[in-house]
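Student: I have a structure here, written as structure tokens, and I will follow up with some questions on it.
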Amino acid sequence: MSDRPLLELRDLSKRYGRYQAVAPAGLEIGANDFFAILGPSGCGKTTLLRMIGGFVEPSGGTILIDGQDVTHLPPEKRPTGMVFQNYGLFPHMTVRQNIAYGLKLRRRPRREIETEVERMMDLVHLTALADRPAPALSGGQRQRVALARALVLKPKVLLLDEPLAALDLKLRKAMHQELRSLHQAIGGTFILVSHDQAEVMTLANRVAVMNHGRIIQEGPPREIYSRPADAFVSGFVGEANMIPTERRSGRVEIGPGASLPSPGADGPVTVMIRPEHLRLGAVQPPLRLEARVLDAIFLGAHAHVICAAANGRPLTIQIGGEAIDTLPAIGEGVTIGLTPETVLVLEGHS
Ligand SMILES: Nc1ncnc2c1ncn2[C@@H]1O[C@H](COP(=O)(O)OP(=O)(O)OP(=O)(O)O)[C@@H](O)[C@H]1O
């Protein structure tokens, strides 16, 4: 196989009148990627996905799939399949008929249709419901029909537009597992649009984070979490303590007596520290901050202790394991420990 990406976007953009919904975007997505586009409501992620699927005409740029320019092809002429948020099942059809529909439209031989539909129903665990009419299905079951209906056509690229948004949390988690195994079982490129960072972290091997129509950062989820490009990304992906401070003569002060080397020009910077990287009462970590406990919140597997420390800003510290049993009291004075390697210095104030 060549190293050429399966899907390539070159300066793809969309304007609605004077409003730039998607600024010129470039992306390369591999043949077996589970790629996620993550961003807040209105950031342009659905518009980007719909341009790839052929449902929105781009204002500029090019879409290449497997080296073929598909920018101006209608959806049915593209090697893409789309699963919409509201599923879009045909209500007068059964599960089996819904899944078979696309193959019938393509005038595939009856035998082939039967075999493929059975295989698909088996893959998404719908065989027992084959003859149920679509309206008599639960949300999770409808979602699986919508997936099967798109996948049976063997698209090179499967586009998923917030496909789990309508499901409750428990079902959504179960569907995450199903989507993962489905992707592992059949391969191909999946592109998921979501505003749920936990969902994206669970599913995707690559993520593009969007804000105001722009792709701010792209990379593996772990990299985006640990090396966010800016304050927006760090706040959107996971929880983050943001401490506005300054760089002076190559050093950044986090709090009284706690500073670390940081190359760069003098001026305003924001220090980002994840709650799980802060320690309570730790003796070993080289950097220490004196603080006072504002609140302690028990969250099940872990707890959050909120303290007033650096620059009077509240800091959240994540506590796990046995330490949960001995949370500090509100008002108590504590020492917070941290290591310089877990501190990220971002330019400017957010
Ligand atoms: N047909 C349209 N005409 C004008 N503006 C539009 C049109 N479709 C989308 N927009 C605008 O473009 C922007 C991006 O919309 P888009 O649906 O891509 O956002 P999104 O990130 O998917 O948000 P959400 O998660 O809420 O669906 C929004 O401000 C939206 O109002």
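The values are calculated or read from the model by the stated rules, or taken from the named source; none is laboratory data. Bear in mind that the values here come from a model prediction, so they are computed numbers and not experimental data. Cβ placement follows ideal geometry from the backbone for every residue including glycine, while neighbour counts extend to all protein chains displayed. Ligands, DNA and RNA are excluded from the accessible area calculation, which covers all protein heavy atoms including side chains. Shrake-Rupley method; radii C 1.70, N 1.55, O 1.52, S 1.80 Å.
Student: Using the Cα centre as the reference, give the magnitude of the dipole from point charges on the C-beta atoms of region 242-316 (Lys, Arg: +1; Asp, Glu: -1; all else neutral), rounded to the nearest 20 debye.
Tutor: I would put it at about 100 debye.
Student: To continue, here is another question. In region 132-211, if the dipole is taken from +1 on Lys/Arg beta carbons and -1 on Asp/Glu beta carbons about the Cα centre, which of V193, A150, A166 is farthest to the positive end?
Tutor: My answer, from the dipole projection, is A150.
Student: Along region 79-86, what does the Karplus equation 6.51 cos²θ - 1.76 cosθ + 1.60 (θ = phi - 60°) give for ³J(HN,Hα), rounded to whole Hz, x for Gly and Pro?
Tutor: Once θ is set to phi - 60°, the couplings for region 79-86 become x, 10, x, 10, 10, 8, 4, 9 Hz.
Student: Positive end of the dipole of region 240-347, charges at C-beta (+1 Lys, Arg; -1 Asp, Glu), about the Cα centre: which of V269, I317, G250 has its Cα farthest in that direction?
Tutor: Towards the positive end, the residue furthest out is G250.
Student: Label-point separation (nm) for A229 and T335, each offset 7 Å from Cα along Cα-to-Cβ?
Tutor: Taking the simple label geometry, A229 and T335 are separated by 4.0 nm.
Student: Based on the Cβ-Cβ distance of N205 and R292, what FRET efficiency does E = 1/(1 + (r/R0)^6) give at R0 = 30 Å, to the nearest 0.05?
Tutor: Numbers: r = 42 Å, r/R0 = 1.40.
Efficiency at R0 = 30 Å is approximately 0.10.
Student: I need the phi-derived Karplus couplings for region 142-153: 6.51 cos²θ - 1.76 cosθ + 1.60, θ = phi - 60°, integer Hz, Gly and Pro marked x.
Tutor: The phi angles translate into 4, 4, 5, 5, 4, 5, 4, 5, 6, 6, 5, 8 Hz.
Student: So how tilted is helix 169-186 from the main axis of the chain? Cα-based, degrees 0 to 90, rounded to 10.
Tutor: Roughly 60 degrees, rounded to the nearest 10.
Student: Now for a different question. Among all the aspartates and glutamates, which ones have a C-alpha under 14 Å from K173's C-alpha, if same-chain residues fewer than 8 places away are not counted?
Tutor: Filter leaves E162, D196, E199.
Student: Per residue of region 255-262, what does 6.51 cos²θ - 1.76 cosθ + 1.60 with θ = phi - 60° give for ³J(HN,Hα)? Whole Hz please, x for Gly and Pro, Karplus curve as stated.
Tutor: So the Karplus estimates, Gly and Pro as x, are x, x, x, 10, 9, 9, x, 8 Hz.
Student: Right, another one. Between I306 and E347, how high is the FRET efficiency from 1/(1 + (r/R0)^6) when r is the Cβ-Cβ distance and R₀ = 22 Å? Nearest 0.05.
Tutor: It comes to 0.25.
Student: When we measure straight from the Cα of K104, which lysines land under 28 angstrom away, once same-chain ones fewer than 8 places off are left out?
Tutor: Once the sequence-local lysines are set aside, what remains near K104 is K77, K154, K156.
Student: Given an 8 Å cut-off on Cα distances and at least 6 residues of separation, report the relative contact order of the chain as a percent. Numbers along the way, then the final one.
Tutor: Details: 722 pairs, mean separation 53.9, N = 350.
Answer for the chain is 15 percent.
Student: Ranked highest first by average number of other Cβ atoms within 10 Å, how do 176-189, 77-90 line up? Provide the component values of the computation, followed by the final result.
Tutor: Details: 176-189: 15.3, 77-90: 18.3.
Per-residue Cβ counts within 10 Å, averaged per peptide and sorted highest first, yield 77-90, 176-189.
Student: Any idea what the dipole of region 1-94 comes to, in debye rounded to 20, about its Cα centre with Lys/Arg Cβ at +1 and Asp/Glu Cβ at -1?
Tutor: Using only the charged Cβ atoms, the result is roughly 400 debye.
Student: Still on this structure, please answer the following. What is the packing order of peptides 208-214, 314-320, 32-38, 60-66, taking the mean over residues of other C-beta atoms within 10 Å and listing the highest first?
Tutor: Working: 208-214: 20.9, 314-320: 19.1, 32-38: 23.4, 60-66: 17.3.
So the peptides 208-214, 314-320, 32-38, 60-66, ranked by packing, come out 32-38, 208-214, 314-320, 60-66.
Student: Shifting gears a bit: Using amide H atoms built 1.01 Å from N in the peptide plane, name the residues 5+ places from V334, or on other chains, whose amide H lies under 5 Å from its own.
Tutor: Amide H neighbours of V334: A291, R292, V293.
Student: Could you look at the chain and say what percent of its accessible area is carbon and sulfur, using a 1.4 Å probe and all protein chains? Don't jump to the answer; show the numbers that get you there.
Tutor: On the way: 8680 of 17180 Å².
Carbon-and-sulfur percentage of accessible area, whole number: 51.
Student: From the Cα gyration tensor of the chain, with a ≥ b ≥ c the square roots of its eigenvalues, which class applies: rounded if a/c is under 1.5, or else prolate if a/b is larger than b/c, or else oblate?
Tutor: prolate
Student: Related question: Taking amide H positions as placed 1.01 Å from N in the peptide plane, with prolines and chain starts having none, which residues 5 or more places from V269, or on another chain, fall under 5 Å of its amide H?
Tutor: Sorted by chain and number, the residues that satisfy this are T245, E246, R247, G348.
Student: Moving on. Accessible area per residue for region 240-347 in Å², computed with a 1.4 Å probe and the full protein assembly in place, what is it? Can you show the working numbers first?
Tutor: On the way: 5420 Å² over 108 residues.
Each residue of region 240-347 exposes 50 Å² on average to a 1.4 Å probe.
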